[in-house]
Structures are given as C-alpha cells and as structure tokens.
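Structure, as structure tokens:
Derivation of every value follows stated rules applied to the coordinates shown; laboratory data play no part. This structure is a prediction, so every number in the text was calculated from the model and none was measured. Positions of Cβ are backbone-derived with ideal geometry, glycine not excepted, and every protein chain shown enters the neighbour counts.
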C-alpha cells in the first residue's frame with residue numbers, strides 16, 4: 001500500500017458554528033500570570049484584553065474541554081498518554097494515540113513526530129490529523145456588569161477574593177488574594193467545528209457532552225475552593241456548508257437552545273446529522 005493511500009481524504013463539507021453566552025454562576029479566575037502583577041493589586045490577577053477588560057481565553061475553554069473528555073472516555077491511563085513537556089515538576093501529559101478513529105485526536109488534532117509515552121515505548125504519529133475544533137477568545141458582555149454590581153466590586157469590573165492557607169502545626173495564616181470576574185458576568189463564546197471527513201458529525205455530541213461536564217466541574221483556577229462554576233445559555237447552532245463559502249449559499253440554523261441539556265437533545269436527534277450536508 002502506498003503512503004498516499006494511507007492518508008484519509010480531507011475535504012471541507014462545512015462548518016458548524018455554535019454561539020452562546022458563558023454565564024458565571026460563581027466568581028471566575030483565569031490567571032494572567034505573575035508578569036502582570038501591579039503594585040497594590042491582587043496577587044493573582046485575571047487575564048484581560050488590551051482595553052483592560054477581562055476575557056476568557058479560547059485556549060482555557062478548549063483545554064478544559066479536552067481534559068474532561070479524556071477523563072470521561074477513560075483515556076488518561078499511562079499507556080494512553082504522551083508527554084508534551086518532561087521538565088521536572090512541570091510535566092504536561094495529554095492523551096494521544098495513533099488510532100485513526102480516536103475521537104479526541106480527531107477533534108483536537110494530533111501532533112506529528114516522535115513522542116514519549118508516559119508508559120511504554122515511544123510513538124510516532126502515522127495518522128496526522130488537523131484539529132476540527134476551534135474555540136475563540138470570549139469577550140466580556142459589558143452590560144452584564146450592572147451598576148448595582150459595580151458598587152460592590154473592588155475594581156470597575158472585577159472583585160478580589162481573600163483566602164488564607166493555615167499551617168497545620170503553628171496555625172499561622174498565609175493570606176493571599178485572588179482577582180475574579182464576579183458571579184453574573186457573561187462572556188460571548190464562539191465554537192466552530194469543521195466537518196472534514198465522513199463521520200465527523202459524530203464529534204458534535206462529544207463537544208456538547210464536554211460542555212455539560214464543564215458546567216458540573218469548574219473553569220479556571222480555584223475550582224475546588226468555589227470559583228469557576230459556569231453555565232452555557234442562549235445557544236445557537238448554525239450550519240455553513242461548503243457552498244456558503246464558495247458561492248454565497250445561505251447558512252442554516254440547525255438548533256436553538258436555552259441551555260446545554262436542550263442542545264444535547266437537539267444534536268442527538270436522528271435528523272440533526274442529515275441537516276449538515278454540503
């Protein structure tokens with residue numbers, strides 16, 4: 001068999017575009033790193049755009065989604081993971097396999113080249129696949145920060161949560177502060193799923209499953225301490241076929257849902273996949 005015959009054909013059938021509001025049910029902290037620490041500011045500031053407004057990076061949503069799905073599908077055993085980084089104390093391990101039908105690798109893409117497995121021999125990807133999933137940075141909906149909320153905030157758009165770590169022997173407190181976007185804030189989320197091969201339509205329910213898992217987990221830092229509970233609301237799914245880009249054919253609204261539960265019911269319906277045609 002020639003090497004070319006081993007490469008599955010990739011041809012864009014269209015794009016499924018999901019637009020939604022990400023609503024903070026508790027304070028949300030996605031850290032900007034120590035490099036942005038300001039005098040008199042919180043120890044752990046949130047990431048902001050060029051105008052000083054909090055944002056939710058698409059990479060944060062995407063990474064959390066991938067982690068939750070890997071756990072849900074039972075793909076975090078050592079023999080199923082590879083090292084992205086092996087720096088001592090800063091190891092990064094993710095799932096990656098060379099199975100051509102691996103849903104995680106199809107959805108999030110597959111890194112080419114030789115990689116060290118966490119357990120077992122090194123592997124070299126033969127089925128290199130592009131990512132189907134793109135999640136864009138989510139800007140803050142400014143109107144969601146009401147005048148009443150602003151009166152209680154430490155900054156114009158954020159709050160500062162104070163925490164203490166207690167030494168178990170001396171009972172000495174080690175105070176720290178955490179900047180958070182307040183509960184009630186909303187962000188505009190856009191998720192795009194490319195349909196590149198037959199069978200890619202089965203990845204749509206997987207994405208929705210990940211969104212539902214995220215709602216019962218946490219996004220960002222401090223999740224085990226009360227931060228990061230979010231909910232996806234007012235979801236609209238639009239199908240843009242290949243003809244939409246080639247000759248201006250109209251897009252088609254294929255689902256409209258108040259929440260992820262309703263969206264899941266819509267995408268699991270028999271007729272949903274049939275509507276995603278070229």
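Side notes on the structure shown:
- Antiparallel DSSP beta bridges within the chain, as percent of all bridges there, nearest 5: 100
- Matching label, Cα extents along the principal axes in Å computed from the structure shown, candidates [x] 68, 49, 32; [y] 53, 43, 37; [z] 52, 40, 33: [x]
- Bins of 10 Å from zero: percent of alpha-carbon pairs in region 74-130: 25, 58, 16, 1
- With the helix formula -39500 (n - 2.57) applied to DSSP H stretches of n ≥ 4, the chain reaches a computed 222 nm mean residue ellipticity of -6000 deg cm²/dmol.
- Nearest 10 degrees, 0 to 90: helix 58-72 Cα axis against the chain principal axis: 70
- Computed lengthening from residue 168 to residue 275, 0.36 nm per intervening residue step minus Cα-Cα distance: 32.6 nm
- Crossing angle, helix 203-215 versus the chain [Cα axis fit, 0-90 degrees, rounded to tens]: 10
- Footprinting exposure proxy for 51, 272 (fewest neighbouring C-beta atoms within 10 Å first): 51, 272
- Estimated inter-spin distance, residue 126 and residue 183, nm [label 7 Å along Cα→Cβ]: 5.3
- Sorted by Cβ neighbour density within 10 Å, fewest at the top, the residues 29, 95: 95, 29
- Which of 97, 162 has the fewest Cβ neighbours within 10 Å, and the rest in rising order: 162, 97
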